[in-house]
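The values are calculated or read from the model by the stated rules, or taken from the named source; none is laboratory data. The model shown is predicted, which means the values in this text are computed figures rather than measured ones. Cβ coordinates were reconstructed from backbone atoms using ideal geometry, including for glycine residues, and neighbour counts include every protein chain displayed.
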Amino acid sequence: MSQPDRVPEETRAGGLAPLAVLPVFVRLRGRRAVVLGGNAGAAWKARLLASAGAHVDVIATDLSDEMRETAGVAPDGSVALHQRPWAAEDFHGARFVIVAPEEAGEARRAVDIARKSGAIVNAVDRPELCDVQFGAIVNRSPLVVGISTDGAAPVLAQTLRSKIESLIPLGLAGWLDAAKRWRGEVAARIGGMTMRRAFWQRFADRAFAEPDRRPTRDDLDDLLAGGAGEGAGDITLVGAGPGDPELMTLAAVRALRSADVVLYDDLVSDDVLAFARREARTLLVGKTGHRPSCRQDDINALMVGLARQGKRVVRLKSGDPGVFGRATEEIAAARAAGVAVAIVPGVTAAQGAAARLGVSLTERAVARRVQYVTGHDRDGRLPATLDGAALADPSVTTVVYMPKKTLPALVARACTAGLPPTTPAVAVVNATRAGERHVITTVGALVEEVAALPAGPCLVMIGEAMRSARRDGLAAASAPIGSGDNACMAAMQNFTARAF
Ligand code: SAH
């Protein structure tokens with residue numbers, strides 16, 4: 001007997017999960033608020049309420065120095081100090097009351113009376129008496145993010161706050177101010193709900209793409225016209241850093257978040273790529289020694305072609321785009337095509353490797369200059385012009401990119417020019433990324449030691465400054481990039497993506 005055909009089944013996305021607390025945002029501008037108590041904690045709350053535009057009456061028999069200072073620096077509303085005991089009438093007309101007396105019985109009485117008079121009540125350090133709790137705040141007014149752990153881990157909330165802060169460009173406030181000004185006109189000129197939503201989506205994309213620019217009347221006209229002016233795509237060469245995503249710049253993260261297409265090299269780690277929007281196209285274009293790469297001309301043509309279609313193209317390169325990254329050719333191709341091009345610098349592999357070994361690349365009297373050289377010329381040989389005398393200079397730190405294949409020739413050239421084989425040298429494979437390995441040795445033993453290293457991007461550093469290199473006890477300044485951390489970053493990205 002044949003099985004009945006399966007028919008499409010309408011399903012519904014899961015409902016809301018339980019919420020520990022309900023986040024709401026309270027408007028206090030021009031409203032009266034009361035703070036009972038004069039200690040430092042109460043002072044901070046008074047300051048917060050005044051920041052939100054409230055007129056705050058502080059009533060306390062003892063006023064701390066912090067509270068006295070607060071009265072002078074109310075950023076928006078006002079803070080008036082009343083040095084006396086409180087009374088029930090003090091709560092009349094108050095929208096918000098902070099209760100901070102030391103004594104529990106007094107606090108409970110005050111909370112009861114304040115609540116009866118219709119105020120929202122928070123009792124400092126007495127969660128059981130609170131109607132509402134304060135969370136960690138990201139303040140980019142008019143953009144405000146509140147973070148609560150329902151008291152479980154306030155410090156975690158603080159940490160999360162700084163992470164979220166780093167994802168929100170400062171200039172966004174300017175765009176939000178413009179949004180407030182434009183709302184009326186947008187509603188008047190765009191009738192349908194769907195069209196209006198599309199307008200605000202274009203607005204959000206543009207605000208995140210160009211946060212540091214002040215929005216203008218032209219932006220509004222262009223966005224109202226369907227954003228046709230956005231047709232001009234552009235190219236940004238972005239330095240991804242040596243691998244650890246913690247070493248990306250904020251500008252790199254932002255460029256990735258706003259890219260339509262990301263062209264990236266083999267050496268760019270997945271953790272870095274994870275910062276691209278989910279909707280963005282990501283194209284691996286190779287460009288490292290060990291696997292076949294796309295031809296540079298093809299990469300240039302692809303990059304320029306996509307930008308001409310109106311795409312925001314990010315050309316993501318490991319380390320810094322301007323260090324052995326063939327950036328000049330890509331910039332020239334963009335310029336020749338009349339496509340706007342910008343560069344976001346990155347932490348180059350030398351800096352990442354030096355940090356992991358706890359060494360400084362320059363050192364007074366010992367290493368007066370640093371030179372970055374490559375072991376590869378166009379044909380994969382040691383560049384003929386590589387200056388032996390410069391390599392042998394006793395006061396230089398030489399960093400060799402792509403050292404592996406030609407290391408014997410490089411060492412021979414340096415030693416022939418007078419570099420002592422006893423000079424300290426290090427090699428680092430996978431600096432700042434999974435599978436990192438070091439050898440700390442001398443120039444004389446370098447070739448043999450490097451040959452024994454596992455596969456992966458490798459950097460050699462030579463010079464007296466390497467004498468203090470240590471392979472242990474110097475983990476990354478930040479915690480290792482565990483999956484938890486990535487999950488956390490990813491969650492935050494989704495959070496911001498959704499919020500906008
Ligand atoms: N633009 C890059 C360099 C590109 S050339 C930068 O600024 O770092 C590629 C070479 O860089 C590799 O062959 C290797 O020598 C070096 N390199 C890049 N990332 C590295 C890493 N995480 N660890 C060690 N060497 C690295």
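A few remarks follow.
- Matching residues in segment 325-341 - criterion: being more than 21 Å from residue 251 (Cα to Cα) and crowded, with 16+ Cβ neighbours inside 10 Å: 333, 337
- Condition met for residue 238 (outside any loop (DSSP other than H, G, I, E, B) and of a type in the set (A, V, I, L, M, F, W, C)): yes
- Residue count, segment 424-435 (criterion: more than 14 Å from residue 399 (Cβ to Cβ) and either over 30 Å from the mean Cα position of the chain (by Cα) or crowded, with 19+ Cβ neighbours inside 10 Å (or both)): 4
Yes/no matrix, rows are residues, columns are (1) surrounded by fewer than 18 Cβ atoms within 10 Å (Cβ to Cβ); (2) within 38 Å of the chain's Cα centre (by Cα); (3) within 30 Å of residue 273 (Cβ to Cβ); (4) at pLDDT 95 or above:
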residue	(1), (2), (3), (4)
373	no, yes, yes, yes
377	yes, yes, yes, no
393	no, no, no, yes
402	no, yes, yes, yes
408	yes, no, no, yes
441	no, yes, no, yes
445	yes, no, no, yes
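- In segment 33-57, the residues that are in contact (Cβ under 8 Å) with a residue 12 or more places away in the chain reach residues that are among the polar types (S, T, N, Q) and part of a helix (DSSP H, G or I) with C-beta atoms within less than 7 angstrom, at least six apart or across chains, in these pairs: 43/70; 46/70; 47/70.
- Residues of segment 244-256 satisfying the condition of being crowded, with 22+ Cβ neighbours inside 10 Å and assigned to a helix (DSSP H, G or I): 245, 247, 252, 254, 255, 256
- Residues in segment 397-429 that are away from the ligand (no atom under 16 Å from the Cβ) and closer than 23 Å to residue 364 by Cα: 414, 418, 419, 420, 421, 422, 423, 424.
- Assessment of segment 80-88 against the conditions (in a helix (DSSP H, G or I) and of a type outside the set (A, V, I, L, M, F, W, C)) yields no matching residue.
- Filter result (in contact (Cβ under 8 Å) with a residue 24 or more places away in the chain and outside any loop (DSSP other than H, G, I, E, B)) within segment 257-280: 257, 258, 261, 262, 263, 264, 265, 271, 272, 273
- Single match in 446, 453 (criterion: part of a helix (DSSP H, G or I) and either of a type in the set (S, T, N, Q) or closer than 27 Å to residue 266 by Cβ (or both)): 446
- Hey, residue 175 crowded, with 17+ Cβ neighbours inside 10 Å and free of Cβ contacts under 8 Å to residues at least 40 places away in the same chain or not: no
- Test: residue 437 is within 11 Å of the ligand (Cβ to nearest atom) and either in contact (Cβ under 8 Å) with a residue 12 or more places away in the chain or touching a helix residue (DSSP H, G or I) at 6+ places or on another chain (Cβ under 7 Å) (or both): yes
- Residue check, residue 232 under 30 Å from residue 319 (Cα atoms) and in contact with a Leu (Cβ under 7 Å, 6 or more places away or on another chain): no
- Residues that are among the hydroxyl-bearing types (Ser, Thr, Tyr) and either at pLDDT 90 or above or within 23 Å of residue 23 (Cα to Cα) (or both), drawn from segment 142-197: 148, 149, 159, 162, 166
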